[in-house]
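Some notes on the structure that comes next.
Where a number appears in this text, it was derived from the coordinates with a stated rule and is not lab data. This structure is a prediction, so every number in the text was calculated from the model and none was measured. Here Cβ is always computed from backbone atoms with ideal geometry, including for glycine, and neighbour counts include all displayed protein chains.
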Amino acid sequence: MKLRIAQPDDLPILLKFEQGVIEEERPCNDAIKKTDTHYYDLSGLIADPNTCLQLVEHDGRVVGCGYAQLRPSEAAFVHDQHAYLGFMYVEPGARGQGINKLIIESLISWCRDRRVYDFYLDVYTENRAAIRAYEKVGFTPLLVEMKLNLSKS
């Protein structure tokens, strides 16, 4: 397996992976639009010097991705800056091979090189497989976001 930084010509596979993320998260959140949905400014992530968007290739094919983005922390926190991890995706046929762990470890290394040591990510509470994968690399649950929808009557 080979790690590399995403480039503009990777946009087609990244758009495909983005739809994969959305499809997996749609059952967890009924507020996600059924069509024409995007989460990320992929070109912006690739160009941003404070973001590292990694890809994993296996047998010459891109099978996974994820990014770390350096962000300012809230004034109440002991750290001035943290890394947000997002767009963590591994193709279904390539799961269970340690690809997510490889990406996260690489992103953590990139952040440590920039003296950033605190990491955050979001995951749906119903996504037990993702939670287990993040726990395997040391993440612990921190916050639960709650939702209320007042339907139009």
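Add -39500 (n - 2.57) for each DSSP H run of 4 or more in the chain, then divide by its residues: what number comes out at 222 nm, to the nearest 500 deg cm²/dmol? Walk me through the numbers on the way to the answer.
Details: 4 runs with 45 residues, N = 153.
Roughly -9000 deg cm²/dmol at 222 nm, from the helical runs in the chain.
Using Cβ contacts closer than 10 Å as the measure, can you line up 73, 106 from fewest to most?
Ranked by crowding around the Cβ, least crowded first: 73, 106.
Residue by residue, what Karplus-based ³J(HN,Hα) values in Hz, rounded to whole numbers, does region 137-144 have, using 6.51, -1.76 and 1.60 with θ = phi - 60° and x for Gly and Pro?
3J(HN,Hα) across region 137-144, in whole Hz: 9, x, 5, 10, x, 10, 9, 10.
Cα convex hull of the chain: how many Å³ per residue?
Given the Cα convex hull of the chain, per-residue volume reads 142 Å³.
Which lysines does residue 136 reach when only Cα atoms under 25 Å apart count, and residues fewer than 8 places away in its own chain are ignored?
2, 101
Kindly rank 124-134, 52-62 from highest to lowest mean number of other beta carbons found within 10 Å of each residue.
Working: 124-134: 14.2, 52-62: 16.5.
So the order, starting with the most tightly packed, is 52-62, 124-134.
Taking only C-alpha pairs under 8 Å that are 6+ residues apart, what is the relative contact order of the chain in percent?
So the answer I get is 20 percent.
Tell me, what is the FRET efficiency for residue 125 and residue 76 to the nearest 0.05, using R0 = 25 angstrom and their Cβ-Cβ distance as r?
Once the sixth-power term is evaluated, E becomes 0.55.
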